[in-house]
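K.L.:
Just passing along the structure, written as structure tokens.
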Amino acid sequence: MKQEKVNAKSVAKNIALVAVFAPLYTIFTFWPLSPVVGALGKFITMAVIMAPLIGIILGPYLGVLSVAVGGIVGLSAGQIGGPFGPLSFVPHAATTFCSGMLYNGKRMICAITYTVLLVVLAFYPVVGPVWLYPYFVWMQIVGLVILVSPLQSKAVKQIYDYTKLTELTSGVGIVSLTATLFGHIVGDIMFEAIYWPNIISSVDTWKSDWQFLTWVYPLERVIIAIAAALIGTALIKALKAYDLKF
């Protein structure tokens, strides 16, 4: 009977957390952050900043559920158009999954998945960066190096056992950077699959897009990680003050 009460309490807590973070994610989907190159009228939204934080706080599975629910609700409420229609939340869900797995100590799973996805992106038939402009993947390779390095483990430890706010900010920032690059790779693969050749059929256009984005997306991802670190520091500190165990 006691175990049943504990389970019921845990389920109720999980439902409550999803009920809080799903609408929070939805709200952020209404604020544009930057336009999507190659997709006129489509935007990356501020929700990309919340995605890694939701993974750290809720874990990979509840986090992905929250993002999915929030994305669907936002779509039905007429959110700003994402580049993938009703599936625009998927790259954010991937980001959430990665940050949640990293926080749970599943770095090897993230590293293997990251590597496989990066290979798929790079060697995508005809329009993959390897065939048109290999330099495009430089920042994503940096992300993989961080992911498999001791720096990643140290970042997670800093979130767990921080003694100074600067440690917490650094830890959240590094985890967020890795996770947002993971989500970016997923988004790029979706872009290749959906936009080639149905929407963008010119190989020259793809090449010019890769060239332009080579230096744009790293800056964008760093800004996202910094914003997530600042917001995450305040959010995690507040939640821990109420003795919420992630």
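K.L.:
Scan the chain and note any complete DSSP helix (H) whose C-alpha atoms cover at least 30 Å along its axis and whose Kyte-Doolittle average is -1.0 or more.
P.N.:
On the way: long enough: 2-28 (39 Å, 0.52); 165-195 (43 Å, 1.16); 203-241 (54 Å, 0.78).
Span-like helices here: 2-28, 165-195, 203-241.
K.L.:
Further question on the same structure: List the trypsin sites (Lys or Arg not before Pro) within the range 93-190 that fall in a DSSP loop (any state other than H, G, I, E or B) and whose Cβ has at most 11 other Cβ atoms within 10 Å.
P.N.:
Numbers: sites: K106, R107, K154, K157, K164; in loops: K106, K164.
Passing sites in the range 93-190 are K164.
K.L.:
Across the range 12-75, how large is the tail of the calculated P(r) beyond 15 Å, expressed as a percent of all Cα pairs? Don't skip to the end; give the middle numbers.
P.N.:
Numbers: 986 of 2016 pairs.
Within the range 12-75, distances greater than 15 Å cover 49 percent of Cα pairs.
K.L.:
Along the principal axes of its C-alpha atoms, what lengths does the range 191-246 span, in descending order and rounded to whole Å?
P.N.:
Here the Cα extents, ordered largest to smallest, are 54, 22, 11 Å.
K.L.:
For L165, what is the net charge nearby, where nearby means another residue's Cβ is under 12 Å from its Cβ and Lys, Arg count +1, Asp, Glu -1? Walk me through the numbers on the way to the answer.
P.N.:
Details: positive: K164, K237, K240; negative: E167.
Cβ neighbours under 12 Å give a net charge of +2.
K.L.:
Moving on. Place the peptides 200-207, 25-32, 47-54 in order of packing, highest mean first, counting for every residue the other Cβ atoms within 10 Å and averaging per peptide.
P.N.:
Values: 200-207: 14.5, 25-32: 19.1, 47-54: 28.6.
Peptide ranking by packing, descending: 47-54, 25-32, 200-207.
K.L.:
Do the sum for the chain: with -39,500 (n - 2.57) for every DSSP H run of n ≥ 4, divided by all residues, what is the mean residue ellipticity at 222 nm, to the nearest 500 deg cm²/dmol? Could the numbers behind the result be given before it?
P.N.:
Details: 10 runs with 183 residues, N = 246.
Rounded to the nearest 500, the figure is -25500 deg cm²/dmol.
K.L.:
Using every Cα-Cα pair within the chain, state what percent have a distance larger than 23 Å.
P.N.:
Working: 14778 of 30135 pairs.
Within the chain, distances greater than 23 Å cover 49 percent of Cα pairs.
K.L.:
Rank-order 11-23, 134-146 by packing density, defined as the average count of other C-beta atoms within 10 Å over each peptide's residues, highest first.
P.N.:
On the way: 11-23: 14.6, 134-146: 17.1.
Result, highest mean first: 134-146, 11-23.
K.L.:
So if I place +1 on the C-beta of Lys and Arg and -1 on the C-beta of Asp and Glu, and nothing else carries charge, what would the dipole magnitude of the chain be about its Cα centre? I want it in debye, nearest 20. Before the final figure, lay out each step's value.
P.N.:
Values: 15 positive and 9 negative charges, 189 e Å.
In total the dipole reaches around 900 debye.
K.L.:
Below 8 Å between Cα atoms, with a sequence gap of 6+, how large is the relative contact order for the range 2-241 in percent? If you can, show how the numbers build up before the last one.
P.N.:
Values: 338 pairs, mean separation 49.6, N = 240.
Relative contact order comes out at 21 percent.
K.L.:
Hey, another quick one. Where Lys and Arg each count +1 and Asp and Glu each count -1, what net charge lies around G105 among other residues with Cβ under 14 Å from its Cβ? Please list the in-between numbers first.
P.N.:
On the way: positive: K106, R107, K154, K157; negative: D161.
Result for the local shell: +3.
K.L.:
Take V120, project a point 7 Å from its Cα along the Cβ direction, then tell me which residues of the range 189-231 have their backbone nitrogen under 19 Å from it.
P.N.:
Hits in the range 189-231 for V120 at 19 Å: 189-198.
K.L.:
Too long at a 25 Å Cα-Cα cut-off: which of K9/K164; K164/K240; K9/K157; K154/K237; K13/K106?
P.N.:
On the way: K9/K164 32 Å; K164/K240 14 Å; K9/K157 28 Å; K154/K237 19 Å; K13/K106 23 Å.
Beyond 25 Å between Cα atoms: K9/K164; K9/K157.
K.L.:
Here's another thing I want to ask about it. If I model a spin label as a point 7 Å beyond the Cα along the Cα-Cβ vector, how far apart are those points for I112 and A238 in nm?
P.N.:
3.8
Values quoted throughout were computed directly from the atomic coordinates according to the rules given, and no laboratory measurement underlies them. Model, not experiment: these values are computed from the prediction. Every residue, glycine among them, receives a Cβ derived from its backbone with ideal geometry; neighbour counts consider all protein chains shown.
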